[in-house]
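The values are calculated or read from the model by the stated rules, or taken from the named source; none is laboratory data. Every value quoted in this text rests on a predicted model; they were computed, and no experiment measured them. Ideal geometry is used to build each Cβ from the backbone, glycine not excepted, and the neighbour counts take in all protein chains shown. The protein model used for the area step is the full one, side chains on, heavy atoms only, and it has no ligands, DNA or RNA in it. Shrake-Rupley method; radii C 1.70, N 1.55, O 1.52, S 1.80 Å.
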Amino acid sequence: MSKRVAIIASNGEIFDAYKVFNIAVAAASSDSEVGIFFTFEGLNLIHKEAHANLPLPAGKEHYAEGFKAANVPSIPQLVEMAQELGVKIIACQMTMDVMSLEKEDFIEGIDVGGAASFLEFAYDADITLTF
């Protein structure tokens, strides 16, 4: 019996992206059904341009060498892996409206929905995480 994992991504820094997509990919790889709701700054993680250019925070540049040495996939690679594994990616409609963003501003293959649509998924979640 598969588990259901519901993730809320409301922060948009590179470390947030790694947390969100590492857990999503790991869960989906173990046959869990995964849904991620991206809201506020979390929308950066699926924005066409932003997700591929998330900077390391000042003073944390040394992580770049560590990521490379550890052969850690890039954020675009993790997003692609998540999508290939069937992770449901939902962009928050309300936040998009507030920020004047359109579905076309985001990577291919996302859903757009409100909190109610995510809650339908999350009601039966075995695990709920927020980043």
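Before moving on, here are some points about what is shown:
- Residue match in region 37-60 (condition: among the β-branched types (V, I, T), in contact (Cβ under 8 Å) with a residue 40 or more places away in the chain and closer than 25 Å to A116 by Cα): yes
- Scope region 1-49; condition of a type in the set (G, A, S) and under 18 Å from P73 (Cβ atoms); matching residues: A9, A17, A24, A26, A27, A28, S29, S30
- All positions within region 93-131 that are farther than 11 Å from L43 by Cα, within 14 Å of the chain's Cα centre (by Cα), of a type in the set (F, W, Y) and outside any helix (DSSP H, G or I): F131
- Among residues of region 44-69, those that are in a helix (DSSP H, G or I) and out of contact with any helix residue (DSSP H, G or I) (no Cβ under 6 Å at 6 or more places or on another chain), counted: 8
- The set of residues in region 12-38 being under 10 Å from the mean Cα position of the chain (by Cα) and over 11 Å from A82 (Cα atoms) consists of G12, D16, A17, Y18, K19, F37, F38.
- Residues satisfying the stated conditions in region 1-22, i.e. in a helix (DSSP H, G or I) and among the charged types (D, E, K, R): D16, K19
- Residue satisfying all of: in region 4-37; polar (S, T, N, Q) and in contact with a helix residue (DSSP H, G or I) (Cβ under 8 Å, 6 or more places away or on another chain); surrounded by the fewest Cβ atoms within 10 Å (Cβ to Cβ) among these: N22
- Scan of region 72-91 for residues that are open to solvent by 10 Å² or more (accessible area, probe 1.4 Å), touching a helix residue (DSSP H, G or I) at 6+ places or on another chain (Cβ under 8 Å) and in contact (Cβ under 8 Å) with a residue 24 or more places away in the chain, ordered by number: V72, P76, M81, L85, G86, V87, K88
- The listed residues are V72, V34, V25, and the only one of them that is assigned to a helix (DSSP H, G or I) and either of a type outside the set (D, E) or at positive phi (or both) turns out to be V25.
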